[in-house]
Amino acid sequence: MDDPEKTLILEDTADKTQKLPRLETNLFKTDAEKKKQDDFRRGQSKILQRLAANAPLPEILERLVLLIEAQSPGMLCSILLLSDDGDHVRHGAAPSLPKEYVEAIDGAAIGPKVGSCGTAMYRGEPVVVTDISVDPLWEDFRELALASGLRACWSTPILSGRGKVLGSFAMYYQEPRTPSGDEADLTEVATRIAGLAIEHHAAKEILSRTQAQLAQASYAADKGKAALSSADEINQQLEAIVTAAKNCLEMLDEDKPEIANFRGPLTNIVTHGRQALDVIARIRSSQN
């Protein structure tokens, strides 16, 4: 049988253990490490604030790349965007990479063997190349990368909330290198914020186009209403002219028509004809 006293001791110990405060990992960090972590979090917050303020996408992506680079000495980063046709890469941000390299990559087609970034976007999964000088994925871009001083590149696709590929985030090094594991958290932050920024920018563009289309439709509707109003005016003048002309014809059918009696109807024809011409002139003027 169980010992009642032992049971009470175990229950009391468990109760006290649950009440102990949990140790935070920050307790094991140096002051410098904690400051760096705090700075990193503040940097993320500032980028998200700029995103909420509708800052331009290139600014958001460049801030993000510089923030990530600051966390690891010697690391160079880039963000590439997938083109609207889904077949090519477009420059997003790469403030620390050689300009010649950035310009040469911009517009390249994605595929199963297009460096790390083009391949990652094509596959929809991370691609780690530890040595560009020998990896077959870099066969077509090897000379360009080596001339730019790049030897390792790890690329991860940037995905939308629905899993659609939006672009890629890449980490470059100037010597052959294998991921240590510390880069995973940085990559997660970079791809998450970049994904938010790209989708936010796309939503803004759709909204802008929709507003322009609505404005154009409204303008066309207004013009249509104006045209209908003008048509009504012209119809009224033409009806008056036709009525006056009928009166003249009826008087001509009389045995001895009085010339003086034609003055009124003919005057009406002239008056309403001029008014119709004025309406037409107004329409032409509004179209110029």
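The values are calculated or read from the model by the stated rules, or taken from the named source; none is laboratory data. Here the structure is a predicted model, which is why all the values come from computation and not from measurement. So basically every Cβ, Gly included, is an ideal-geometry build from the backbone, and we count neighbours across all protein chains shown.
Results, tabulated for the structure shown:
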| item | result |
| --- | --- |
| Flag for residue 187 being closer than 29 Å to residue 56 by Cβ and touching a Phe, Trp or Tyr at 6+ places or on another chain (Cβ under 8 Å) | yes |
| Residue within region 165-180 that is modelled with pLDDT under 90 and part of a helix (DSSP H, G or I) present | no |
| Check on residue 118, under 22 Å from residue 164 (Cα atoms) and surrounded by 19 or more Cβ atoms within 10 Å (Cβ to Cβ) | yes |
| Residue among 188, 233, 239 that alone is farther than 30 Å from residue 94 by Cα, modelled with pLDDT of 75 or more, exposed (fewer than 13 other Cβ atoms within 10 Å of the Cβ) and among the charged types (D, E, K, R) | 239 |
| Residue count, region 133-147 (criterion: over 32 Å from the mean Cα position of the chain (by Cα) and more than 14 Å from residue 104 (Cβ to Cβ)) | 5 |
| Region 98-115, residues that are crowded, with 22+ Cβ neighbours inside 10 Å and under 13 Å from residue 88 (Cβ atoms) | 105, 110, 114 |
| Residues (hydroxyl-bearing (Ser, Thr, Tyr) and more than 18 Å from the chain's Cα centre (by Cα)) located in region 79-109 | 96, 101 |
| Pairs, first over 12 Å from residue 190 (Cβ atoms) in region 67-95, second among the aromatic types (Phe, Trp, Tyr), C-beta under 7 Å, six or more apart | 74/173; 76/172 |
| Positions within region 76-97 being surrounded by fewer than 16 Cβ atoms within 10 Å (Cβ to Cβ) and out of contact with any helix residue (DSSP H, G or I) (no Cβ under 7 Å at 6 or more places or on another chain), in sequence order | 83, 84, 85, 86, 87, 90 |
| Residue check, residue 73 modelled with pLDDT under 95 and not in a helix (DSSP H, G or I) | yes |
